Amino acid sequence: MGRRVLKPGQKYGRLTLLSKAQKNGRSGYWLCKCECGNKKIIRSDSIGRRTVSCGCYGKKVLEEQHKRKLATKYEDFDSKAYSPYYRLYHTWGHMKSRCYNANNNVYYLYGGRGIKVCDEWRDNYQCFKKWALANGWDLHAKGMEQSIDRIDPNKDYEPDNCRWVNAQTQALNKRNNFFITINGESRSITEWSRLKNIDPGVIRRRYYKYGLRGEDLFNPIPREMKYANNNKILFKDEMVPVVDLCRQYGISDATLRKRYERGWRDDELIKRPEHKPLIKMEYKGKMYSISELCNNFGFKETTLRRRYSKGLDVYGNEKSNNSDKQPK
């Protein structure tokens, strides 16, 4: 293996070579810049071998080892699946991940908008566990039967702002919930729908589309409001609800509106469509309807209708006395 040639700009580990240097009057050294910003003179033969940083890397390794020891000390055996507090330990871990791990898929809803875990809990699982056991955490609850919830969704995870609730209660405590006040009592639309046994979509439509408020939200929409001017058309100098014309004359809503958009008015709107006359064409000396020609001889209906409108025979030729003769 040939001797290594060092040049300015080369990078080894975290070190970037800047220039040759001397130390204690001896050559064979290089001035290097570390990724952390420090500059240090290092022996040439140790660069990238025994030395890969100014010393910061070794400190980082020691710090990580220390953190792992602390984590092991605090977690005890709760991180193991056989621990009865396995679910509690992972609740603590997921809580921190939402607030500090930018790769978490819901980070933008927590840490991304400034939500944090209090210093008392962040690095001390045992402290969090002690609070949980004293504030209603159930050892036998499963899944979303119990989860940690912030009373004020805009504040941090801390003892005074957290509680243990089921999934339903937590869903009602979301920031995007809209509350409606009726007779001095404020509830979300979901809560009102459960209380009054009405579909939440119906309440939303009455609130947003028709502008109903108070107890009117729980009553059927008045007919004059449901069929307001935007659902009426001009018929014989009067604004008449479309639904009334449909019921009275037996015409579908879509047909009536389409006719109105095309400029039809009054009697044209409600007239029954006239049946088209039966079209017959000569083929091999006999007269057949278009449907018979299509079903029995394999012609296409659109093709025959187009040829008929142009005065042509079934083969597309000008009609003559020998129109039933097939072309060569």
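The values are calculated or read from the model by the stated rules, or taken from the named source; none is laboratory data. Given the structure is predicted, the values throughout are model-derived calculations rather than measurements. Here Cβ is always computed from backbone atoms with ideal geometry, including for glycine, and neighbour counts include all displayed protein chains. Protein only, heavy atoms only, side chains kept; ligands, DNA and RNA dropped before computing areas. Shrake-Rupley method; radii C 1.70, N 1.55, O 1.52, S 1.80 Å.
Extension gain, L278 to N295, is 4.6 nm, computed as 0.36 nm per intervening residue step minus the present C-alpha separation.
What pairs in K209/K236; K236/K258; K80/K142 have C-alpha atoms more than 21 Å from each other?
Cα-Cα > 21 Å for K209/K236; rest within.
With the simple model of a label 7 Å out from the Cα in the direction of the Cβ, Y315 to L195 spans 8.2 nm. Rolling a 1.4 Å probe over the protein heavy atoms gives the chain an accessible area of 69 Å² per residue. The smallest convex shape that holds all Cα atoms of the range 13-66, its convex hull, gives 77 Å³ per residue. For volume of the Cα convex hull per residue in Å³, pick the label among [x] 127; [y] 470; [z] 146 that corresponds to the value derived from the coordinates. Of the listed options [x] 127; [y] 470; [z] 146, [y] comes from this structure.
Leaving out ligands, DNA and RNA, what percent of the accessible area of the chain is carbon and sulfur, probe 1.4 Å?
47 percent
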